[in-house]
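Have a look at the structure below before the remarks.
Where a number appears in this text, it was derived from the coordinates with a stated rule and is not lab data. What you see is a predicted model, and the numbers here were worked out from it, not measured in a lab. For neighbour counting, all protein chains shown are included, and Cβ atoms are generated from backbone atoms with ideal geometry for every residue, glycine included.
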Amino acid sequence: PSYRQQGILIARGYPLIEMINQIYSNKADKLKGRQLPIMYSSREHSFFSISGNLATQTPQAVGWAMASAIKGDSRIAATWVGEGSTAEGDFHSACTFAAVYNAPVILNVINNQWAISSFSGFAGAERTTFAARGLGYGIAALRVDGNDALACFAAAQWAANRARANHGPTLIEYFTYRAEGHSTSDDPSGYRSAQEREEWPLGDPVMRLKNHLIAIGEWDEERHAAMDLECAELVKTTTKEAEKNGILGHGLHHPFHTMFEDVYEELPWHLEEQADQAIRERIAKFGTERPFG
Ligand SMILES: Cc1ncc(C[n+]2csc(CCOP(=O)(O)OP(=O)(O)O)c2C)c(N)n1
């Protein structure tokens, strides 16, 4: 469970077009416009997001892992939160449950040092590391250079092997730095110096992996440039393809009535009434049930 890490879905072969359909909430959106644009779920890809409230994903992951173990299933769970989110109570109850029930779970904490405008110190970074918190709960914990792709892979693999061997939960802190803003609507110049970004010593993870692969003769600049271009092209053409299913504001979304469906096997009378009323009001207001498409 995670409301981030879309890269996992891409790595597992989830079609890019489905991701873009959901961003547009269009008529092909697999989640029928019921979930936030980037909060994907796909049972076939063992990936789900329930809530975007920070740190709620941690008890969800621990609960899922406990259920898997109780059912005798061999699957393990993993989730990812930022260092700021570890200040939420949910994170701490998740750690308690994970330790007490020896849940086969990996709790990943991405310490990029900023929670929007709050420095990691507000979540306790100046007192101790985030990995050290795991130890207090009796959870094995690692702290890795989050900009070293191979170190991240090794740490995650170690934790997954532990969980699969029934050795219980692992907390991994990935120490990194958020060079850009939190989002495109965030302007970091309002809360930190522009120089800070230049002073970050651990580099860019993509560049580091690229340079490493070139150094060992497995990669070269030409292939890298070609791959960059190919990825950009793929996103562009897939976006165009997805736009045929509708973009925001075009009204090419799932029919209005579908928002009342899929919870109950049979729609209860009071929801049926609400649906009828809503549709009547739309017709009265717009002259049609589907005013935008
Ligand atoms: C309970 C809750 N409060 C506030 C938000 C809004 N919000 C979204 S991301 C974010 C910052 C999170 O910082 P951090 O946990 O360090 O993760 P980062 O985004 O830096 O990876 C905030 C405050 C939210 N989603 N949920």
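Which one, 216, 17, 279, has the greatest fluctuation when you compute a Gaussian network model over the chain with C-alpha springs under 10 angstrom?
Taking springs between Cα atoms under 10 Å, the residue moving most is 216.
Within 10 Å of each residue's Cβ, count the other Cβ atoms and sort 145, 29, 204, 90 from fewest upward.
Going from least to most buried by this count: 204, 145, 90, 29.
Restricting to bridges with both residues inside segment 12-159, how much of the DSSP beta-bridge set is antiparallel, in percent to the nearest 5?
For segment 12-159, the DSSP antiparallel bridge percentage is about 35.
Rank the residues 66, 227, 259 as a footprinting-exposure proxy: fewest other Cβ atoms within 10 Å of their Cβ go first.
Final ranking by Cβ density, sparse to dense: 227, 259, 66.
Using packing as a proxy for protection, rank 121-127, 269-275 so that the peptide with the highest average count of other Cβ atoms within 10 Å comes first.
Put in order of decreasing packing, that is 121-127, 269-275.
Using only Cα atoms, tell me the angle between helix 221-243 and the longest principal axis of the chain; keep it within 0 to 90° and round to the nearest 10.
Orientation of helix 221-243: about 20 degrees from the principal axis.
For the chain, what's the relative contact order in percent, using C-alpha pairs closer than 8 Å and at least 6 residues apart?
Details: 436 pairs, mean separation 53.3, N = 293.
With pairs under 8 Å counted, the relative contact order is 18 percent.
Length gain on complete extension for the stretch residue 206 to residue 165, per 0.36 nm per residue less the alpha carbon to alpha carbon distance?
Details: separation 41, 0.36 × 41 = 14.76 nm, distance 3.16 nm.
Length gained, residue 206 through residue 165: 11.6 nm.
Taking every DSSP beta bridge with both residues inside segment 84-192, roughly what % is antiparallel (nearest 5)?
15
How far is helix 269-286 tilted off the main Cα axis of the chain, in degrees rounded to 10, range 0 to 90?
Once rounded, the angle reads 70 degrees.
I want to verify a result. In a Gaussian network model of the chain, Cα cutoff 10 Å, which of these has the top mean-square fluctuation: 116, 106, 139?
Looking only at 116, 106, 139, the biggest GNM fluctuation is shown by 116.
How big is the dipole moment of the chain about its Cα centre under a simple scheme where the beta carbon of each Lys and Arg is +1, that of each Asp and Glu is -1, and everything else is neutral? Debye, nearest 20, please.
Roughly 520 debye for the chain.
In what order do 231, 152 fall by count of nearby beta-carbon atoms within 10 Å, going from fewest to most? If you can, show how the numbers build up before the last one.
Values: 231 11, 152 19.
So the residues, fewest neighbours to most, are 231, 152.
Which residue, 191, 264, 177, has the most motion in a Gaussian network model of the chain that connects Cα atoms within less than 10 Å?
In this elastic network of the chain, the residue with the biggest mean-square fluctuation among 191, 264, 177 is 264.
Within the chain, what percent of beta bridges assigned by DSSP are antiparallel, to the nearest 5? Spell out each step's value before the answer.
Values: 3 of 21 bridges.
Percent antiparallel among DSSP bridges in the chain is about 15.
Please give the helix 149-164 orientation as an angle from the longest Cα principal axis of the chain, in degrees from 0 to 90, rounded to the nearest 10.
80
What pairs from 210/244; 32/210; 30/236 go past 31 Å between their alpha carbons?
Exceeds cut-off: 210/244; 32/210.
Which FRET efficiency value, to the nearest 0.05, do you get for residue 250 and residue 93 by plugging their Cβ-Cβ distance into 1/(1 + (r/R0)^6) with R0 = 41 Å?
Result of the calculation: an efficiency of 0.45.
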